[in-house]
1. So what are the range 8-50's ellipsoid semi-axes, whole angstrom, largest first, if each one is the square root of 5 times an eigenvalue of the alpha-carbon gyration tensor?
2. Okay, helix-only estimate at 222 nm for the chain: each DSSP H run of n ≥ 4 adds -39500 (n - 2.57), divide by all residues, round to 500 deg cm²/dmol; what do you get?
3. For the range 1-153, count the residues as N, evaluate 2.2 N^0.38 Å, and divide the Cα radius of gyration by that value, please.
4. For the cross-link pairs Lys207/Lys251; Lys266/Lys324; Lys273/Lys302; Lys296/Lys401, which exceed 28 Å when the distance is taken from alpha carbon to alpha carbon?
5. Got the relative contact order for the chain handy, in percent, Cα pairs under 8 Å and 6 or more residues apart?
6. Looking at the chain, which Cys residues are left with no other cysteine's beta carbon under 4.7 Å from theirs?
7. Choose one of Leu253, Val146, Pro175: the residue whose Cα lies farthest towards the positive end of the charge dipole of the range 132-259 (beta-carbon charges +1 Lys, Arg; -1 Asp, Glu; about the Cα centre).
8. Å³ per residue of the Cα convex hull, for the chain?
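Coordinate-derived values only; no laboratory data. A quick note: this is a predicted structure, and the numbers were derived from the prediction, not measured. Note that each Cβ is placed from the backbone with ideal geometry, even for glycine, and that neighbours are counted across all protein chains shown.
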Amino acid sequence: MRVAMIGTGYVGLVSGACFADFGHDVTCVDTDASKIAALARGEVPIYEPGLTELVHSNAREGRLAFATGVVEPVSAADAVFIAVGTPSRRGDGHADLSYVYAAAREIAAALTGFTVVVTKSTVPVGTGDEVERIIREVRPDADVAVVSNPEFLREGAAIRDFKHPDRIVVGLSDPRARDVMSELYRPLYLNAAPILFVERRTAELIKYAANAFLATKITFINEIADLCEKVGADVQDVARGIGLDNRIGSKFLHAGPGYGGSCFPKDTVALIKTGQDYGAPLRIVETVAAVNDQRKRAMARKVAAALGGQVRGRTIAVLGLTFKPNTDDMREAPSISVITALQDLGARVQAYDPVGMGQARSLLSDVTYCDSAYACAERADALVIVTEWEQFRALDLDRLKRVMTRPVVIDLRNIYRPEDMTRRGFSYQGVGRPEVATSEDGSATDDG
Ligand SMILES: NC(=O)c1ccc[n+]([C@@H]2O[C@H](COP(=O)([O-])OP(=O)(O)OC[C@H]3O[C@@H](n4cnc5c(N)ncnc54)[C@H](O)[C@@H]3O)[C@@H](O)[C@H]2O)c1
């Protein structure tokens, strides 16, 4: 099959490279000429494990090409995917569909023969109807089927997720489009990934409902974590205790600084707007978004509390800036709110992230960026772990303690054990776990 992928970002590039790897003939298109030029030189503009190798091998074998113009790739394509951004619209939080509609117009003008136009971007219910209307307006003669095929991949594990999805959701009504979509994904459902054919509007809503549910799960355990801190319970044990129940499931029950990233914040808000517009308000999701918003800045107050209530003039070391490990994506990263709030309270911030500092520099100016976790900890009054990169899980604690001004660690991802940290002489706080008292010789008092 010949595929044109319009939009070569995290989703478009991964999907394009994976479809090429299945054996399809793919051209990835982007309006960002510098991105396309870099890809043509073999440079992959984002950090995603395994992606560079996948792009190189498929480009070398002639199945993956890059272009700035839509005309040739679209006119040759059996399927054209729209994978452009759908950020929050400034002012009201609705999804900004201007990139999707612009892409639809460009695609329409270039269509030849029967073509399936597939929206892979996350778009509100009814967007497929509007994409179809635009295409028919620009090209009343076009033979086209407009399909919804939302993407569920996670950054940091994107290739694995694309190639081993829990399910593939396809919204359509045209049987010819069903044949094309089945052929495109055939390598996957031969591996038993269920492919769900539903109505287009249903497919669009499945994506938002999934993200809103996951955001709710995270927010739920975060509030339980707050309660744990008040009553002296351990949220990790609570999460395990409820997660082992198959009806609940153990995933997305890690308490932390609040969800961020390129999807959950904007998708929950967009779903809330859709609910309000249709007179079916989603009050649970409204509350989730509000609770999560407040949580990120509250983490800065948690840091201040660990330092006796004051951070003015103090140096705070922040480990991890990206919204999660194994990506360079800084969109809506909790680190942004935590650092900004710490700065508002008068703290000096120094930070380290294995791959995110390039993007972070343009978002957070007044920060000293360091070369390593230990350089970051130097002369710090407190160290805050914001993103749980693997390399932060086994830090040399003695070295850390030596370079810090005060041995205070606030672990917003619960990657260390309170007893261990206390025994090593740290004043340590996780999220939703009881504090371990320290005896006068610095040893933890709860394990003899
Ligand atoms: N990032 C994720 O983890 C993820 C997961 C699932 C779904 N999604 C959804 O997928 C969509 C894309 O997300 P992303 O993270 O890949 O975005 P992104 O910002 O990384 O990439 C979007 C790309 O589209 C390009 N573009 C915009 N208009 C264009 C046009 N008219 N023609 C060609 N290219 C154009 C931009 O230059 C950019 O490179 C969004 O709707 C998002 O919600 C993202």
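1. 17, 12, 9
2. Values: 17 runs with 197 residues, N = 448.
Helix contribution divided over all residues of the chain: -13500 deg cm²/dmol.
3. 1.00
4. Working: Lys207/Lys251 18 Å; Lys266/Lys324 16 Å; Lys273/Lys302 32 Å; Lys296/Lys401 26 Å.
From the list (Lys207/Lys251; Lys266/Lys324; Lys273/Lys302; Lys296/Lys401), the Cα-Cα distance tops 28 Å for Lys273/Lys302.
5. Working: 891 pairs, mean separation 51.1, N = 448.
Result for the chain is 11 percent.
6. So, Cys18, Cys28, Cys228, Cys263.
7. Farthest along the dipole direction, towards plus: Pro175.
8. 155 Å³
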